[in-house]
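What follows is calculated from the coordinates using simple rules that are stated; it is not laboratory data. Values in this document were obtained by computation on a predicted structure and should not be read as measured data. Every residue, glycine among them, receives a Cβ derived from its backbone with ideal geometry; neighbour counts consider all protein chains shown.
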Amino acid sequence: MQITRQADYAVRAVVHLAHLEPGERASTSRISEEQRIPLTFLAKIVSQLSVAGLLHTTRGARGGVALARPPSEISLLEVVEAIDGPMTLNECTSDVDACPMGEDCGVREVWCEARADLVKRLAQTKFSQIGRRTNNHPAAASPA
């Protein structure tokens, strides 16, 4: 299983926003430059995250993008699923009828448990935790 590049970019954008002070906004051009995300791709991502209720966007000279909730209330799972949809490792984890073996498959239980573990881990990981571990923000970078 691999998340899409779009989901990876979304996670980077949210990590960036999680470093901002409460009430502060960032322009998409700033996020694009600092997180190395193509601007046209970022516009689509911001739109999807906004529709999912994870971001607020404001137009105009003083506009920009901000988290809709504190970073401690936004999980990695929410961001990835807002872009890629529900986590699955195999079709059968969400639809037992997708496999001709159905309930008789000896591997399905392993796939379901692994999926549940992954979902739990991503749901428990909040952006406030990720923010403490990353050096992508200019303020966190060590001087040269």
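Structure notes:
- Which listed residue is free of Cβ contacts under 8 Å to residues at least 24 places away in the same chain, hydrophobic (A, V, I, L, M, F, W, C), in a helix (DSSP H, G or I) and at negative phi, from 43, 13: 43
- Complete set of residues in segment 27-66 that are under 17 Å from the mean Cα position of the chain (by Cα) and among the small types (Gly, Ala, Ser): 32, 43, 47, 50, 52, 53, 66
- Failed criterion for residue 68 (all others in (1) surrounded by 12 or more Cβ atoms within 10 Å (Cβ to Cβ); (2) of a type outside the set (Val, Ile, Thr); (3) closer than 15 Å to residue 127 by Cα; (4) in contact (Cβ under 8 Å) with a residue 24 or more places away in the chain hold): (4)
- Single condition residue 46 does not satisfy, out of (1) farther than 17 Å from residue 130 by Cβ; (2) surrounded by fewer than 15 Cβ atoms within 10 Å (Cβ to Cβ): (2)
- Of all residues in segment 54-100, those that are β-branched (Val, Ile, Thr) and in a strand (DSSP E or B) total 3.
- Selected residue [assigned to a helix (DSSP H, G or I), over 15 Å from residue 8 (Cα atoms), touching a helix residue (DSSP H, G or I) at 6+ places or on another chain (Cβ under 8 Å) and of a type in the set (D, E, K, R)] from 113, 33, 103, 109: 103
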